[in-house]
1. Using alpha-carbon positions, what is the distance between the centroids of region A:337-398 and region A:12-40, in Å?
2. Residue by residue through region A:2-19, which ³J(HN,Hα) values in whole Hz follow from phi under the Karplus form 6.51 cos²θ - 1.76 cosθ + 1.60 (θ = phi - 60°), with glycine and proline marked x?
3. Can you give the FRET efficiency to the nearest 0.05 for residue A:330 and residue A:135, using r as the Cβ-Cβ distance and R₀ = 45 Å?
4. Aspartates and glutamates within cross-link reach of residue A:194: Cα-Cα under 18 Å, excluding same-chain residues under 8 positions apart?
5. Using only Cα atoms, figure out Rg for region A:1-56 and give it as a multiple of 2.2 N^0.38 Å.
6. Going by the alpha-carbon gyration tensor, a ≥ b ≥ c the square roots of its eigenvalues, is region B:1-77 rounded (a/c under 1.5) or, if a/c is not under 1.5, prolate (a/b greater than b/c) versus oblate?
7. Could I have the simple spin-label model distance between residue A:386 and residue A:220, label points 7 Å from Cα toward Cβ, reported in nm to one decimal?
8. What are the GluC sites (Glu not before Pro) within region A:216-303 that DSSP puts in a loop, where the Cβ has at most 12 other Cβ atoms within 10 Å?
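Coordinate-derived values only; no laboratory data. Please read these numbers as outputs of a predicted model, since none were measured by experiment. Reconstructed Cβ throughout: ideal geometry from the backbone, glycine too, with neighbour counts over all protein chains shown.
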Amino acid sequence: MSDFLMPALGADMEAGTLVEWLIKPGDRVKRGDVIAVVETQKGAIEVEIFDEGVVSELVVPVGTRVAVGGLLARIGERAGPQPEAPAPVAPRQATAPQPPASPTAPAMQAAGGARVTPAARRRAAELGLDPAALAGTGVEGAVSVADVEAARRAAPPAAVPLAPPLALAKPSRRTGFDPAEMRKAIAAAMGRSKREIPHYYLSHTVDLHPALAWLEAFNAAQPVPRRLLPAVLLLKASALALREVPQLNGTCVEGVFQPGSGIHPGWAISLRGGGLVAPAIRDTDALALPDLMAAIRDLVQRARSGGLRSSELASPTVTVTSLGERGAETVTGIIYPPQVAIIGFGSISTRPWVVDGRVEARPLVTVSLAADHRVTDGHIGALLLSAIERLLQEPAKL
Amino acid sequence: MTEAEARAVIYDILSGIAPEADPVTVAGDEDLREALDLDSMDFMNFVVALHERIGIDIPEADYPRLRTLDGAIAYFAR
């Protein structure tokens with residue numbers, strides 16, 4: 001028997017509102033299944049479970065606000081009762097009168113039909129698909145975003161559908177978060193960072209000519225959807241550099257550094273309408289560049305449509321931010337607690353640079369590091385920046 | 001494809017990427033990235049969507065021609 005608790009989705013979260021159960025008593029669940037949707041300041045988050053077994057009780061009804069660490073459900077042993085057996089389960093919570101769902105709660109499962117996660121419902125509306133008609137591969141056949149995307153890919157790429165009505169596409173696009181709540185979450189996390197973390201800052205200019213020349217040749221041989229953005233090279237180089245300088249990859253809790261269990265950078269994503277999230281891309285250092293590009297695209301899409309998962313918000317070991325082609329030249333980051341470092345890339349701009357004693361026009365990027373002085377000193381930070389520079393000079397090895 | 005068809009596809013894609021903005025209000029020679037606040041990923045998604053909807057290859061060297069409405073319409077209406 002294990003307890004399924006309200007997860008902490010970042011340092012700033014105190015409570016969340018349960019808006020949807022994707023399981024019921026008797027369902028079998030396994031590690032990684034999305035079993036509930038929780039509304040937080042960062043929008044609706046799909047919460048995964050990290051145990052396996054059979055659901056014995058849903059303790060909290062939909063609409064309830066629960067503090068981090070509060071009991072949500074009980075999961076029984078692996079060899080649990082057969083779903084059809086009259087489960088020897090405690091008083092069924094589901095029969096209790098349910099409090100009114102919170103006003104932000106997305107619509108629940110289709111009456112009598114397939115269960116559909118809120119993010120999947122929104123994505124399906126954007127694409128003009130009927131989510132209830134799709135085959136679900138989530139828990140107990142729930143339709144997830146992945147299922148909707150699979151249906152989109154399966155549809156014939158075809159004959160210029162001129163008509164997907166603008167009017168329909170617009171109101172169904174939800175950002176998945178409340179900008180005012182998001183602002184409070186950012187204020188809480190950044191305020192705590194500035195109060196508690198003694199930052200030090202370093203920056204370094206890197207010549208991207210070899211990386212961009214390699215990228216241009218790589219992209220020329222790829223179909224449009226498989227081309228890479230320069231940001232992918234910057235993120236991969238950062239992850240590989242963190243392998244060499246692991247002192248900057250991890251968390252600092254009550255003054256004690258805990259190394260990350262892997263290199264899981266939070267990738268900073270700016271949300272339209274204001275706001276920022278930095279969900280983790282697990283084991284970035286081990287991902288091939290096309291896989292990393294796909295991971296970033298998927299994450300950006302889900303961040304904007306409200307389909308991030310609990311594990312992505314809870315697990316970053318460092319943050320990486322890239323301002324992109326229209327951004328400012330440098331960024332001086334603020335560490336997201338309890339992490340100990342944030343790596344920032346400004347926009348790439350062509351500037352004079354000395355190569356072999358001659359001035360040449362080269363695409364340059366300023367890489368910055370803000371790091372926690374309780375854990376490391378500037379010397380370690382400089383090693384990281386110089387490793388990033390070195391790795392970017394040999395892009396074929398990334 | 002005609003200019004009108006190209007314009008309709010482009011408007012439709014842009015309104016999916018920047019749902020709070022109205023692409024119809026963007027001037028023909030304005031940089032779409034500035035006018036609609038598109039970041040690098042948004043612009044890439046725009047190009048990928050054009051490729052998928054219209055079904056032609058778009059070499060990376062041509063991306064700058066897609067940065068304005070006029071440029072993009074001229075690119076596909078041919």
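1. 40 Å
2. Per-residue couplings from phi come out as 9, 9, 9, 10, 5, x, 8, 9, x, 5, 8, 8, 9, 7, x, 10, 6, 10 Hz.
3. Values: r = 48 Å, r/R0 = 1.07.
Working from the Cβ atoms, E equals 0.40.
4. Counting by Cα, and skipping residues close in sequence, residue A:194 has these aspartates and glutamates nearby: A:12, A:254, A:372, A:377.
5. Working: Rg = 11.5 Å, N = 56, 2.2 N^0.38 = 10.2 Å.
Taking the Cα Rg and dividing by 2.2 N^0.38 Å, one obtains 1.14.
6. On the way: a/c = 1.38, a/b = 1.18, b/c = 1.16.
Since a/c stays below 1.5, the shape of region B:1-77 is classed as rounded.
7. 3.5 nm
8. Numbers: sites: A:216, A:244, A:254; in loops: A:254.
Sites meeting the loop and neighbour criteria: A:254.
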